[in-house]
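Quick one: the structure is below, questions incoming.
Throughout, read-outs are computed from the coordinates displayed, never taken from laboratory work. Being a predicted model, the structure only gives us computed values, none of them experimental. Neighbour counts are summed over all protein chains in view; Cβ atoms, including those assigned to glycine, are modelled from backbone coordinates with ideal geometry.
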Amino acid sequence: MALANLRALGTKSAGCLAVAAGLLLSGCSGSSDSAQGSGSPKLPDVGAAPKVVRSADLKYPMQAFAPAAGEIRRLSQAQQVLTQQCMRRYGFTYDAPDSSSTGAESDTARRYGLSEARDAQRYGYADPGVRPAGRGSDHELDPAMLAVLNGSDDLNPDSLPETQAEAEARKGDGVPVGGCSRESYLKLYAPKKGMIDIAFAQTLERQAYMKSRTDPRVIAVIKKWSACMRDGGYDVKDPVSPMKELGVEQDPSGDAAVKAAVLDVQCKEKVNLVGVWFSVESAYQKRAIDDNVETLSTYKQQSRDRLRYANSLISGKPAE
């Protein structure tokens, strides 16, 4: 999920979030809250795991709250409009870098590693959805333009305004604190106090994923997958990002990678790794939703209002 693009302009810290699926799937593979131990919460009930072969079409409980891929693109476009409006006030015509997301066509396509047999046979571990990045970064702009876009180089991040209302009070006659990038972010995501962080639902989702990684039921099915791979001649323990262990990082679409990838998918299907992991993660997501009902309800309403505003910015028509 391309949430990093949404928060990159003007936030103090994007954290280790998913939105681009890569962070959620493989970039946060360290330890998390353990699901075991006498002081840990009871494991959530999952029931019988469904038989799932591929993960691209899976639907998760948290998707009812998190912005969809199309909505993320609209929000990104709207933020660019706000940035351009701000830059024009200071005499600059600004064309934002291409922020279109790259990667697998579905945020869940490789959530538990490669699971599409056709992709394994055609591409090995290479991602057929990855395309070259668009136009270059803001570093290509001249210094005067960058100063308006990003604000002062010696700006203390802790001094940034938290809301647009605060920014307006501090604005004065100069460039907005944090530049037009910060202004566009605040206008869209934090116009006033009481706004819930845009990444709130994604944070809950990531936490649920991390907890599922240490759940004994997921650990058990990963061990079964690993044993299946071992029977095929591969000593590998990570079903999500096994390329390094397999020695195919430098050539993920070569013959060796394709051979390993095909077996990888077959072993996942044999032990129902996707079905088990999906069930466990979904259970943790449901628990997170139950624990945050009121906040998520407010978050969802704010998201609707924000999307209406974003659509009005893109269309040039007042929000209904």
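How far, in nm, would the chain grow between GLU140 and GLN266 when pulled straight, counting 0.36 nm per residue and subtracting the alpha carbon separation?
Using 0.36 nm per residue and subtracting the Cα-Cα distance, I get 40.7 nm.
Okay, moving on. Of the GluC sites (Glu not before Pro) in the range 149-209, which ones lie in a loop per DSSP and count no more than 16 other C-beta atoms within 10 Å?
Filter output for the range 149-209: GLU162.
Give LYS237/LYS270; LYS244/LYS270; LYS51/LYS224; LYS42/LYS270; LYS192/LYS317 a once-over and call out the pairs whose C-alpha atoms are over 25 Å from each other.
Beyond 25 Å: LYS42/LYS270.
Please give the length that would be gained between GLU168 and LYS244 if that part of the chain were fully extended, namely 0.36 nm times their separation in residues minus their C-alpha to C-alpha distance (nm, one decimal).
22.4 nm
LYS224 to LYS59: FRET efficiency via 1/(1 + (r/R0)^6), r the Cβ-Cβ distance, R0 22 Å, to the nearest 0.05?
The calculated FRET efficiency here is 0.30.
How much length is gained if the chain between THR214 and ASP95 is pulled fully straight, taking 0.36 nm per residue apart and subtracting their Cα-Cα distance, in nm to one decimal?
Extending this stretch completely gives an extra 38.4 nm.
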